[in-house]
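For reference, the structure discussed in these notes is given below.
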Amino acid sequence: MTNTPRIEQAILKLYTAFYNQTLIPESCTHCAVGNICNNTEAWSNFTDIHGSVKLNYVGMVHQKIERKHYGYSPLELLQIEATFLKACGFNLPLRGNYKRPTKLTDDLLFTALEKTISFLCKLDGVTNVFDYSNVIRERILNNSNESVVA
């Protein structure tokens with residue numbers, strides 16, 4: 001199964017942000033969804049609290065009229081961000097004295113990136129790009145088919 005254009009773009013933006021060290025969980029323009037949305041904060045107007053998956057009035061209107069932002073509905077964007085923040089070790093939503101990780105290491109951010117991309121794959125119904133078992137299985141099948149032909 002091939003990936004959708006929206007997931008290809010999202011993965012590219014997230015990887016680029018990770019490797020450029022501009023994947024910053026507490027910044028609405030540099031978090032997972034901020035990067036997917038070209039470092040804009042417009043998406044943050046869909047909820048009242050960063051990390052919440054509850055749409056506010058603006059979010060509900062955009063959801064109701066089926067408006068997409070960078071290929072994703074407002075609810076999908078909030079779910080993507082919640083997945084990322086939770087994987088970083090934050091207690092959601094980010095309000096008041098919320099629990100945060102003691103240190104955001106590259107390992108922790110990579111794990112969060114992996115879980116976020118896995119969620120994106122699940123949203124689009126495509127094979128998880130982090131599931132290496134499928135790659136190995138395909139290579140084994142291709143090698144056994146070549147052996148039969150030879």
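The values are calculated or read from the model by the stated rules, or taken from the named source; none is laboratory data. Just so you know, these numbers come straight off a predicted model, no measurement behind them. Every residue, glycine among them, receives a Cβ derived from its backbone with ideal geometry; neighbour counts consider all protein chains shown.
General remarks:
- Residue count for segment 35-73 under the criterion of being assigned to a loop (DSSP other than H, G, I, E, B), among the aliphatic types (A, V, I, L, M) and touching a residue at least 40 places away in the same chain (Cβ under 8 Å): the result is 1.
- Just one of the listed residues (T47, T4) is among the hydroxyl-bearing types (S, T, Y), buried (at least 21 other Cβ atoms within 10 Å of the Cβ) and more than 18 Å from A87 (Cα to Cα), namely T47.
- A82, sole failed condition from (1) buried (at least 17 other Cβ atoms within 10 Å of the Cβ); (2) out of contact with any Cys (no Cβ under 6 Å at 6 or more places or on another chain); (3) in a loop (DSSP other than H, G, I, E, B): (3)
- Of the residues making up segment 9-33, those that are assigned to a helix (DSSP H, G or I) and surrounded by 15 or more Cβ atoms within 10 Å (Cβ to Cβ) number 9.
- Restricting V61, V53 to residues that are surrounded by 15 or more Cβ atoms within 10 Å (Cβ to Cβ) and out of contact with any strand residue (DSSP E or B) (no Cβ under 9 Å at 6 or more places or on another chain) narrows the list to V53.
- Residue match in segment 138-146 (condition: at pLDDT below 95, within 26 Å of P5 (Cβ to Cβ) and either under 21 Å from the mean Cα position of the chain (by Cα) or exposed (fewer than 14 other Cβ atoms within 10 Å of the Cβ) (or both)): yes
- Residue match in segment 34-41 (condition: more than 12 Å from the chain's Cα centre (by Cα), exposed (fewer than 15 other Cβ atoms within 10 Å of the Cβ), among the acidic types (D, E) and modelled with pLDDT of 95 or more): no
- For K68, the requirement of being more than 11 Å from the chain's Cα centre (by Cα), of a type in the set (K, R) and under 25 Å from V129 (Cβ atoms) is met.
- Test: E76 is of a type in the set (D, E) and assigned to a loop (DSSP other than H, G, I, E, B): no
Each row is one residue, and each column tells you yes or no for (1) surrounded by 12 or more Cβ atoms within 10 Å (Cβ to Cβ); (2) modelled with pLDDT of 95 or more.
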residue	(1), (2)
L77	yes, yes
F90	yes, no
T102	no, no
V148	no, no
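- Hey, S73 at pLDDT below 95 and either within 15 Å of F119 (Cβ to Cβ) or of a type in the set (G, A, S) (or both) or not: no
- Among (1) under 17 Å from C28 (Cβ atoms); (2) at pLDDT below 85; (3) not polar (S, T, N, Q), the one test that V58 misses: (2)
- Any hit, segment 106-123, residues being modelled with pLDDT of 85 or more and in a loop (DSSP other than H, G, I, E, B): no
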